[in-house]
Structures are given as structure tokens and as C-alpha cells.
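Written below as C-alpha cells is the structure these notes are about.
Laboratory data are not the source of any read-out in this text; all were calculated from the coordinates shown. Treat the numbers as computed from the prediction; the structure is a model and nothing was measured. As a convention, Cβ positions derive from the backbone with ideal geometry for all residues, glycine included, and neighbour counts pool all protein chains shown.
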Amino acid sequence: MKKLQTFATFYIISLIAILFFVFIPLKNKLASESDKSVALAIKYNDVVDLFGRNKFSDFKKAGVNTVVISDEKAKDFFDETGEDRYITIPKEKYLGISSDKIWHVNDLNLYMVFFVQGNLSLLPKNINGVLSVITADDFFGKIPPDSNYTYGILESLKQKQVKKILRSSTEGFRVFRLRWDHDTQKNLYKIKRAVLERNFKIIILDLTQTTIEEALEYIKESKRIIEDTGFTVGKPEPIRNINSIISKYSFFTLIISLFIAIVSPLICLVFVKTDLRFLRQQKYSFSKIAITFLSIIVVSILSGIAISGLLSTKEFMLGVEQFRGIKLALTLPIIITFILLYKYDLKNLLKEPLLIGQFIFFIIILSVLVFYITRSGNSGIMPSIEENFRSFLEKIFFVRPRLKEFLIGHPFMLLSLYLKNLNKNIWKPLFIVGLIGQTSVINTFCHIHSPLYVSLVRTFNGIWIGLILGIILIVIYKKLCLK
């Protein structure tokens with residue numbers, strides 16, 4: 001245990017040093033996240049095909065400030081102009097973006113986003129009012145040499161080529177394209193999350209299955225939810241290369257970040273196995289448990305902030321690069337902690353006959369851990385009941401706390417600390433489950449595209465709710481098991 005204490009001391013000193021090192025990158029990240037403008041966009045062809053060219057002014061009044069113009073195929077140019085010269089061209093050949101549409105949108109004094117599905121080299125040059133260029137996965141051609149447009153990345157597509165473009169550029173946008181849903185409340189919830197928690201600056205709304213009345217009301221409600229969230233519909237600032245020095249050494253910062261994510265939860269064991277000095281003379285009290293728990297939380301939060309600073313680059317903020325090793329960072333600390341806790345009596349544990357009660361208990365613990373692993377990251381299917389519960393939490397809190405923290409990790413951590421004070425061996429498996437909360441806290445800060453203050457608020461909400469549920473869990477245990 002002394003070796004672990006020495007390592008923990010070294011880790012905390014190193015963590016403080018890293019926090020000093022990332023102070024400026026974090027400051028730059030916060031400055032970049034201070035822009036509260038969001039572009040609310042609709043597709044040019046949606047409006048013209050469904051409602052008529054003269055309806056753009058109505059959508060502008062409703063709250064739209066940006067129009068997405070897609071490049072045209074030969075058959076589209078022929079349908080639009082009726083000119084015979086397009087008859088001899090293969091119908092599926094891309095010919096660029098219509099100058100007539102560009103002129104029309106400029107005349108309406110709206111911003112533009114060019115969506116290139118085909119030949120990127122046909123982009124028109126020196127067009128005022130273009131916020132961004134986005135592309136389909138299978139675009140072809142090279143960027144014109146004198147083009148200075150800002151490119152955007154669509155989350156729903158693979159965008160491998162776009163990622164290459166953004167890595168070599170100085171700035172970019174995160175673009176959120178939303179499909180139409182007759183349950184508009186679901187989409188409004190998604191818009192709120194997109195602007196508040198995920199740093200999307202351009203929101204593209206789909207109007208393909210609406211009436212004009214529904215579409216206009218949808219625009220008004222979308223603008224309202226953006227403003228209620230603390231943002232405005234306007235001209236957004238792109239995410240720029242704010243920490244270029246860190247970007248050059250991104251491989252090393254990623255390795256250090258993964259090391260922090262794996263090691264930090266292990267430090268929790270030091271707080272539990274060796275009481276803090278100023279608490280050693282105290283008899284059992286809830287304040288002793290609470291201070292130990294909050295000390296553990298502080299280390300996890302500081303570790304998360306350090307990771308956020310180390311990865312505060314344009315690439316991570318855009319989502320071009322992702323934090324690698326999420327599953328490893330979530331599972332390895334739990335495995336190592338299990339070994340550290342049971343390394344001396346694991347052989348004896350295996351020799352003893354397994355009682356039915358013990359079997360049921362371990363099945364429950366194992367089920368919790370399996371659920372935790374499968375529901376972590378971007379994989380796994382979310383049950384409808386969980387989705388509805390998340391929506392419910394979203395309505396109550398400014399930022400929704402993570403279920404793994406307040407519902408599982410923190411309550412079980414508090415219960416394990418309580419049982420440790422009573423010298424009950426059952427504290428060990430409960431502590432392992434409680435580690436889920438700490439790994440989740442750190443994982444929250446690994447989502448670099450999320451604003452830092454959102455991660456802090458999310459973590460804070462998880463702490464105070466988890467404390468309440470932990471107290472309830474302790475009371476239930478006392479009622480049932482300590483009679």
C-alpha cells in the first residue's frame with residue numbers, strides 16, 4: 001500500500017504541474033467557446049420545390065438566416081434554364097452551383113452554405129456571404145487553389161476526406177443536419193443539445209415532409225429554443241487553430257491524456273484504504289464519508305480538466321480527432337482495482353463454496369458492469385425508457401447529469417465508504433461499482449467538442465444528486481441490515 005501511496009503523491013504533484021501547463025490552452029478554449037451565435041439554415045431546394053421561390057421572405061421573418069445551396073447536375077440545369085446546350089451533357093454530371101440561386105440568396109441578404117455532392121473543383125470563387133462549404137462523403141475533385149472558404153464537418157457522415165481538409169486548414173465548423181420529425185419536440189430537444197452541449201454552429205433543418213404552416217412554426221420554435229438556451233441566431237465564428245503548439249504534439253498529449261484517464265480512478269483507492277490525516281482522529285460520521293468522497297471527486301475533476309486542456313486543439317474541438325482508448329480508460333481502472341483489492345484472498349475466495357445469496361449478488365454486480373461497458377462511448381442501442389428518462393432530466397436541469405454517475409457510481413461509492421468504516425468486506429465490490437462514477441466524470445471531460453463549462457455543470461449536477469441518492473442508499477442499508 002505504501003508504494004501506491006507514493007505513486008498517488010507523485011501523480012497528484014504531476015497533475016498540478018500539468019494544470020499549470022494547460023492554463024493558457026484552457027483559456028483559449030474558453031475564449032473560443034464564448035461565441036453564442038448560431039446559423040439557422042434551410043435548403044434552397046426544399047423551399048422552392050415544396051412552397052415556391054417567393055416564400056423565402058416568410059422563412060427569413062420566421063428566423064432563418066442561412067440557406068444551403070447544393071451543386072447541380074446537368075439535368076437540373078436543363079430543367080432550370082431550358083437551354084439546349086445541357087442536353088448533350090450526361091444527365092448525372094455535376095456542373096457546379098447555380099449562379100442564379102447565389103444571386104437570389106444574396107438579394108435576400110441571407111448567408112449561404114454550399115453543399116458539394118460532386119466536383120469540388122467547380123466551387124464558385126469570391127462569393128460574399130458564404131459561411132461554410134460542406135460535402136458529401138463521395139465528392140471528388142480538388143479545392144480551387146485561390147479558394148478561401150471555411151469547411152464544415154457533418155457529424156452524421158464519415159467525412160474522411162473532409163477531415164483531411166480540416167486538419168490542414170486553420171478553421172472549421174461543426175454542422176448539424178436534422179431530419180424532419182412530426183414530433184417537433186424531439187427535434188427541439190436535439191437542437192438544444194446540439195448548440196449547448198456539442199458546439200454545433202450551423203443547424204440545417206429538413207422541411208421535406210411539412211406544410212408551409214408547419215414549416216414556419218418549426219422555424220419559429222427552433223429560433224426560440226436556441227435563444228432560450230442562451231444563444232442567438234446570427235453569424236457564427238468558426239473554430240480556429242487556437243493552440244497550434246499543442247496541435248503539433250497531439251500524439252504525445254493523447255498518450256498523456258489516456259494515462260491520466262486510466263490512473264486517476266486508481267487514486268481513489270488510496271483515499272479509501274488510508275484515511276486522510278485530518279480525519280483519522282474522528283469517529284464515524286457522515287461528514288467523514290462526504291469529505292473522503294468529495295476528495296475523490298476533486299481529483300477526478302482536476303484530472304478531467306487536465307485532459308481537456310491537453311486536447312484543446314481545433315481537431316478535437318471539431319471532432320476531426322477523437323479521444324482514443326475510451327473503452328480502455330473505462331474498464332482498465334476497474335480491472336486493476338479488482339486485482340489490488342482481491343490479490344491476497346482471491347485464491348481462498350475461489351476455494352470457498354459459493355452461496356446462493358453471494359451468487360445473486362455477484363450476478364447483479366456483473367450485470368451493472370456489463371451494462372456500463374456496453375452503454376459507454378458511441379456504441380450500443382439506447383432503450384426507449386432510457387431515452388425518455390434523459391429527456392425528462394433535460395427538462396429539469398440546465399445540463400443533464402450522466403446516469404452512470406448519479407444513479408450508479410456516486411451512490412455505490414458512498415455506500416462502500418460507509419461499509420468500509422464499519423469494517424464490512426462487502427465494501428470492496430461496491431467500491432468497484434462506485435468507480436464507474438469516477439471514470440464517467442473523467443470521460444465527460446474527454447468530449448472536447450463539448451464546452452468546458454457544460455462538462456463542469458454536468459459533473460456538479462451528478463455530484464449533488466448522487467450524494468442524495470447515496471444517503472438514501474445508506475439509510476436503506478441501515479434499515480434492512482443493521483437491525
Ranking CYS446, CYS481 by Cβ neighbours within 10 Å, fewest first, what do you get?
-> CYS481, CYS446
Amide H contacts under 5 Å for ASN243, restricted to residues at least 5 apart in sequence or on another chain and with H modeled in the peptide plane, are LYS314
When averaged across all projection directions, what area in nm² does the alpha-carbon convex hull of region 36-236 cover?
-> 11.3
Pulled fully out, how much extra length does the chain show between LYS2 and ILE16, if you take 0.36 nm times their separation in residues and subtract their Cα-Cα distance?
-> 2.9 nm
Hull-based mean projected area of region 1-72, where the convex hull spans the alpha carbons, in square nanometres = 10.2
Which value in nm describes the separation of the simple spin-label points at ASN423 and GLN117, placed 7 Å from the Cα toward the beta carbon?
-> 7.5
Between their Cα atoms, which of LYS235/LYS314; LYS273/LYS327; LYS27/LYS160; LYS125/LYS190; LYS93/LYS314; LYS3/LYS424 are more than 23 Å away from each other?
-> LYS273/LYS327; LYS27/LYS160; LYS125/LYS190; LYS93/LYS314; LYS3/LYS424
Which FRET efficiency value, to the nearest 0.05, is calculated for PHE23 and ASN388 with the Förster distance at 41 angstrom and r the Cβ-Cβ distance?
-> 0.50
In what sequence, highest mean first, do 211-218, 289-296, 141-148 appear when ranked by Cβ atoms within 10 angstrom?
-> 289-296, 211-218, 141-148
Calculate, in nm to one decimal, what LYS75 and TYR453 gain on full extension: separation in residues at 0.36 nm each, minus their alpha carbon distance.
-> 131.1 nm
Ordering of 263-270, 424-431 by packing [mean C-beta count within 10 Å, highest first] = 263-270, 424-431
Fraction of antiparallel bridges per DSSP, region 36-236 only, in percent to nearest 5 = 5
So if we plug the beta-carbon distance of LYS36 and GLU171 into 1/(1 + (r/R0)^6) with R0 = 22 Å, what FRET efficiency do we get, rounded to 0.05?
-> 0.80
Applying the Karplus parametrisation 6.51 cos²θ - 1.76 cosθ + 1.60 with θ = phi - 60° to the phi angles of region 245-254, what ³J(HN,Hα) value in whole Hz is obtained for each residue in order, glycine and proline being reported as x?
-> 5, 5, 4, 5, 10, 4, 4, 6, 5, 5
For region 217-263 and region 28-76, what is the separation of their Cα centres, given in Å?
-> 21
Listed residue pairs exceeding 25 Å between alpha carbons, taken from LYS395/LYS479; LYS29/LYS164; LYS55/LYS223 | LYS395/LYS479
Highest average packing first - 110-120, 246-256, Cβ atoms within 10 Å | 110-120, 246-256
Could you give the length gained on full extension between ASN241 and TRP103, defined as 0.36 nm per residue of separation minus the Cα-Cα distance, in nm?
-> 46.5 nm
